[in-house]
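Undergrad: Dumping the structure here so I can ask a few things about it.
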Amino acid sequence: MTLKIGILSFAHMHAQSYAQEIVAHPDAVLVGIADPDPARGAAMAAQLSTTYYPTEATLLSQGLDGVIVASENIHHRRLVELAASAGVRAILCEKPLATTTKDARAMIAACAAAGVKLATAFPCRYSPAFQRLKQQVSAGAVGEVLAIRGTNRGTMPGGWFVDKALSGGGAVIDHSVHVADLNRVLLGREATEVYAEIGSGFYHQDWEDTGFLTIGYEGGVFATLDTSWSRPKTFPTWGDVTLQVVGTNGVLDLDMFAQNLVHYDDRAGRIGWDNWGSGTDAGLVADFLRLIAGQEVPNLATGEDGLRALAVALAAYRSAASGESAAVENS
Amino acid sequence: MTYRVGLIGAGTMGSTHARHWNALPGAELVGVLDPRRDAAHAAGPVFSDWDTLLSQAKPDIIDVCTPTPFHREYVERAAAAGKAIFVEKPMARTLADCDAMIAATERAGVPVMSGHVLRYFAEYAAAKRLVDAGGVGTPVAIRTARMAGFPDLGGRPNWYADPEQSGGLVLDMILHDFDWLRWTFGPVSRVFARGLYGQKAHFGRLDYALVTLRFESGALAHVTGSWAHPGGFRTTLEIAGDGGMITHDSAASAPLAASLRSTGGGGGVAVPESPMAEGEDPYYLEIAAFVAALEKGEPPPVTLQDAREATRIALAALESIETGKAVTL
C-alpha cells in the first residue's frame, strides 16, 4: 500500500530533504505541498514533480495518511492541530516542536484526542555514529556516565530564524533541542535544571546568537551545550554536533559530521568540507512512514520527546533572564 | 651577575624547573630542598633544611615548586629573607593564603613571579597576539579544554587526590586556562561550574569539570577540564568573534607522532610538551622572563595579583560546583 503524504510549508529548509526522501521511498507518494508563499510553493512542487495547493485545507482534503509540518516555529501548533482535525494518521513536526510548552502540550493533546500519532523531527537520532555511540554507552563501554559535553554550533541561518515573532528566539531555541534530545536518549534520564549564559555579540541584534547551557539531570549527571551561531562565514561547513561522554571507565567522543572530504576550491575561493557520511533524514522519514503504517518505531521521537527537549531550551531563557539556574518544566 | 637559585621541591614541576635553571645563562641552581633525597639529588645540590640552604647555598632566588598547601610557608620565609621569589601555580589553596603571601612580599619589597606558564606556550601566546591584533574582531564565544588522565605520582602519596590539598583539576589544571583567559579577555564577572569535585565515589580516580565564565566585556568562555581521559594529554582552543575565529587542537598540530611497537612506562603528572627550538620551551621562557625582569629591575611579567585573580576564578568555580549556584565576582 502506498502512503499518501503532504507537506505543510517549506519555510524550514529541512522540508526539501524530507520531501526528497518521500519521493524516493517505494511505499510513499508525495501528494502535494501547501505553502503560504505561492512562488516558493510552486517552485518546490515543480522541482519535486508534485502538486502545489494554495491552501492547507485543500491539501488536507486529499485523503492524506501522513503530514509533515515544516513551517516557521510559531505556526507549528496551528498546522499540527489543523492536520490532526483533518483525520490523517500521523504527523511529523519539525523541531522545535513549538515555542512554548503550552503550545506543545496543546499539540500533543489535540493529536491524542483525534487518535493521530505525533512525531518530532530529531534526525540526529538516525546518525550511524550516534547509533554506535548509544550502543557503546548501553553496553557499558565508559562505565557509568557522569557528564556530557555537547556542542551544536552553526552559522547564523538568517531569514525567519532571526525573526523572534516567527522563531520564538535565536540560537538557543534553534539549536539546543537537538543535543537536549540526544542526551536524554543516551542517559535515559530527564533534565531537571538549566543554567544558561546567552549573548548577542556576533551580530549585535535583539536575538541571542550565543548560548552556553549547563544542564543538570536526574541522578546528578551534568552536561554543557554550546548552541551558538558562532561559525564564521568562512567556516568550511554549516556547523557541528559533538558529544564528549565522560564515564567512570573512560570517554567517548562523537563528532557527528566528521566524515568530510576537505575541498580546496580555487574556483570558489574557499575551503569546504564535503560530507560523505550517511544522511540522517532517510532513517527519520522511513520511521515516520512505519509509524503511519502502524509499526513499532522506538527510535522515532514522539511529541512528548519534542516537548521535553523544548522545555530545556525554554528553561535556558528563564535562567539567562534571572542569572540563576531554572527548573526544567516537567509535564 | 649570575643569580643563585634555591629550589624548594623536586617533584614533577621542580625537576622540570631544575633542568631549565641549569640551561639558563645568568642563573645557577645552587641548592635543592626535598624530603625525598633521591629526587633532590637528581635536581641539584641537596640541603637538609631551609636554614642550611640559606646560609650555605646563599641563593638570590627561591623557586617554590612544592605541593600547593606549602607555597605560602616558603614564600613567606623567602620574603622574610629578602629573596626574589618564583612560585608555581596555583599560588595557594585559599584566598586568605594568597593575601598573606602578597602582604608578606610587599612588606619585604621583594620581586615575585607566578608560574602561569601557559602565557609562554607559543600557541597560546600567538592566539593572544592574534586576538589583540583584531584577528577575530571583538571576541564573543571562547572555548578551551585541557584533558588528561588523573595525575599519577608513581606510588608516592598522591596529594592531587586530596581535594583539600589540590583543589582538584579546577584549581590545579584549568587554572592555567583561567589565567590565560583573564590575561587575554580581561576581568571575569560571573562563574558557573559543574564537576566531580567533592564526589567521593569518583574523586581520586577521576575528575572532570565544565566551567562557564562571563567576562566584564560581555564575552563568554567555556572551559573543559578533564582528569578522566586515560589516553594522554590534549588541549583545544577556540576563539570566535564578530570578525572571525581561531581554533587550535594539540592533537591536530603535533609535528611528530610515534607509533612504536614497545611502549615505555608512564608515571608522573601530565606536563604539556611541544617540541620547540632550544630556548623556546615555555618553562625555560618563563624563568628567563623572570631573570630578565630582575636584571632590569622591572616588575616580573606575571605578578602575584595576577595569580590571585586566577585563583579567585578557580575557587569561585569550586564554590559553584559545591553550591550549584553561579558566583558573581
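The values are calculated or read from the model by the stated rules, or taken from the named source; none is laboratory data. What you are looking at is a predicted structure, and each value in this text was computed from that prediction instead of being measured. Please note: Cβ atoms are built from the backbone with ideal geometry, for glycine as well, and neighbour counts cover all protein chains shown. For accessibility, only protein heavy atoms count, side chains too; no ligands or nucleic acids. Shrake-Rupley method; radii C 1.70, N 1.55, O 1.52, S 1.80 Å.
Undergrad: Kindly sort A:ARG318, B:ARG312 by accessible area of their heavy atoms, largest first, with the probe set to 1.4 Å.
TA: A:ARG318, B:ARG312
Undergrad: Towards the positive end of the charge dipole of the range A:34-161, with charges on Cβ (+1 Lys, Arg; -1 Asp, Glu), say which of A:ILE148, A:PRO38, A:LEU64 has the farthest Cα.
TA: After comparing all options, I get A:ILE148.
Undergrad: Assign one of three labels to chain A, namely rounded, prolate or oblate, based on the Cα gyration tensor with a ≥ b ≥ c the square roots of its eigenvalues; rounded applies when a/c is under 1.5, prolate when it is not and a/b is larger than b/c, and oblate otherwise. Please report the intermediate quantities before stating the final value.
TA: Numbers: a/c = 1.43, a/b = 1.32, b/c = 1.09.
Because its axes are fairly even, with a/c under 1.5, chain A counts as rounded.
Undergrad: Kindly compute the accessible surface that chains B and A hide from a 1.4 Å probe when together, both sides summed, and give it to the nearest 100 Å².
TA: Working: alone 14730 and 13940 Å², together 25820 Å².
Approximately 2900 Å² gets buried when B meets A.
Undergrad: For A:ASP226, A:ASP103, write out the residues from largest to smallest accessible area, computed with a 1.4 angstrom probe and no ligands counted.
TA: Largest accessible area first, the list is A:ASP103, A:ASP226.
Undergrad: Give the average, rounded to an integer, of partner chain Cβ atoms located within 10 angstrom of each Cβ in A:135-146.
TA: The shielding value for this peptide is 1.
Undergrad: Something else about it: Using only Cα atoms and rounding to the nearest 10 degrees, what angle (0 to 90) does helix B:282-296 make with the longest principal axis of chain B?
TA: Its long axis makes an angle of about 60 degrees.
Undergrad: Let me ask you something else. Students sometimes get this wrong: rank A:ASP305, A:ASP27, B:ASP162 by accessible area, probe 1.4 Å, all chains present, largest first.
TA: A:ASP27, B:ASP162, A:ASP305
Undergrad: Just the accessible area for B:ARG119, please: 1.4 Å probe, Å², rounded to the nearest 10?
TA: We get 20 Å² for B:ARG119.
Undergrad: For the range A:21-69 and the range B:281-329, write down the distance between their C-alpha centroids in whole Å.
TA: Spelled out, the Cα-based centre of one part sits 62 Å from the other.
Undergrad: Just checking the output field for A:233-242: average partner chain Cβ neighbours within 10 Å of each residue's Cβ?
TA: Counting Cβ atoms of other protein chains within 10 Å of each residue's Cβ and averaging gives 1.
Undergrad: Tally Lys and Arg at +1 and Asp and Glu at -1 over the other residues with C-beta under 13 Å from the C-beta of A:HIS14: what net charge comes out? Walk me through the numbers on the way to the answer.
TA: Numbers: positive: A:LYS95; negative: A:GLU21, A:GLU72, A:GLU94, A:ASP174, A:ASP281.
That works out to -4.
Undergrad: Among DSSP beta bridges whose residues both lie in the protein assembly as shown, state the antiparallel percentage, nearest 5.
TA: Around 55 percent of the beta bridges assigned by DSSP in the protein assembly as shown are antiparallel ones.
Undergrad: May I ask you to order A:61-68, B:35-42 by the average number of other C-beta atoms within 10 Å around their residues, highest value first?
TA: A:61-68, B:35-42
Undergrad: Choose one of B:TYR120, B:HIS248, B:ALA277: the residue whose Cα lies farthest towards the positive end of the charge dipole of the protein assembly as shown (beta-carbon charges +1 Lys, Arg; -1 Asp, Glu; about the Cα centre).
TA: Among B:TYR120, B:HIS248, B:ALA277, the one farthest towards the positive end of the dipole of the protein assembly as shown is B:HIS248.
Undergrad: At a probe radius of 1.4 Å, what is the per-residue accessible area of B:PHE121, in Å² to the nearest 10?
TA: Surface accessible to solvent at B:PHE121 totals approximately 10 Å².
Undergrad: Turning to a different aspect of this structure: Could you give me the ³J(HN,Hα) list for the range A:258-272, computed from phi with Karplus coefficients 6.51, -1.76, 1.60 and θ = phi - 60°, whole Hz, x at Gly and Pro?
TA: So the Karplus estimates, Gly and Pro as x, are 8, 7, 10, 8, 8, 10, 8, 10, 4, 5, 8, x, 8, 9, x Hz.
Undergrad: What residues have an amide H closer than 5 Å to that of A:ALA28, excluding those fewer than 5 places away on the same chain, when H is modeled at 1.01 Å from N in the peptide plane?
TA: A:LEU3
Undergrad: If you fit an axis through the alpha-carbon atoms of helix B:175-185 and take the longest principal axis of the Cα set of chain B, what angle between them do you get, 0 to 90°, nearest 10?
TA: The answer is roughly 70 degrees.
Undergrad: So what's the net charge close to B:THR311: Lys and Arg +1, Asp and Glu -1, counting the other residues with Cβ under 10 Å from its Cβ? Intermediate values should be presented prior to the final figure.
TA: Working: positive: B:LYS89, B:ARG93, B:ARG308, B:ARG312; negative: B:ASP97, B:ASP179, B:ASP306, B:GLU309.
Neighbour charge sum, excluding B:THR311 itself: 0.
Undergrad: Using modelled backbone amide H atoms (1.01 Å from N, in-plane), which distant-in-sequence or interchain residues come within less than 5 Å of B:VAL112's amide H?
TA: Residues meeting the amide H criterion: B:ILE85.
Undergrad: Would you mind working out the magnitude of the charge dipole of the protein assembly as shown relative to its Cα centre, with +1 at each Lys and Arg C-beta and -1 at each Asp and Glu C-beta, to the nearest 20 Debye? Walk me through the numbers before you get to the answer.
TA: Working: 53 positive and 72 negative charges, 126 e Å.
I would put it at about 600 debye.
Undergrad: Taking square-rooted eigenvalues a ≥ b ≥ c of the alpha carbon gyration tensor, is chain B rounded, prolate or oblate, where a/c under 1.5 means rounded and, failing that, a/b exceeding b/c means prolate?
TA: rounded
Undergrad: Still on this structure, I have one more. Pull up the cross-link candidates among the aspartates and glutamates for B:LYS128, meaning alpha carbon to alpha carbon under 19 Å and not fewer than 8 places away within one chain.
TA: By straight Cα distance, B:LYS128 reaches B:ASP177, B:ASP179, B:GLU216, B:GLU238, B:ASP242, B:ASP249, B:GLU280, B:ASP281, B:GLU286, B:ASP306, B:GLU309.
Undergrad: If you count, for every residue in A:202-215, the Cβ atoms of partner chains within 10 Å of its Cβ, what is the mean?
TA: If you average over the peptide's residues, the count of other-chain Cβ atoms is 3.
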